Amino acid sequence: MFAWLRSLFGLRPRTAEEPIDEQAAYANSYGDRTGDILVVERVPEPEPEPSPHERGDLTGEYLRRAFEQKLNERKKLTT
């Protein structure tokens with residue numbers, strides 16, 4: 001009965017295996033080491049766009065248009 005159950009899940013009886021050395025365990029876990037040296041350069045982040053408040057564009061007209069745009073986008077999502 002248990003043999004049939006083990007075969008369903010692909011479980012096999014454990015066998016005594018010889019212990020492996022540290023190098024073989026490292027290679028098994030992380031792959032083989034290579035002599036390649038990679039140089040990684042940091043890419044500068046782009047300057048963030050100033051907000052409308054920082055640009056001085058935060059006027060009533062700008063707020064009205066932004067609100068209309070959000071309402072229109074919401075209508076597109078619901079239809």
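Bear in mind that the values in this text are calculations on the coordinates, not laboratory data. Worth saying up front: this structure is predicted, and the values here are computed from it rather than measured. Ideal geometry is used to build each Cβ from the backbone, glycine not excepted, and the neighbour counts take in all protein chains shown.
Before moving on, here are some points about what is shown:
- Computed over the chain, the per-residue total of -39500 (n - 2.57) for DSSP H runs of n ≥ 4 gives a 222 nm mean residue ellipticity of -14500 deg cm²/dmol, rounded to 500.
- Which label in [x] 22; [y] 60; [z] 73 gives the computed percent of Cα pairs over 21 Å apart: [z]
- For the chain, the longest principal axis of the Cα atoms and the long axis of helix 60-78 meet at an angle of about 50 degrees.
- GluC sites (Glu not before Pro), loop per DSSP, at most 10 other Cβ atoms within 10 Å - longest free stretch of the chain: 42-79
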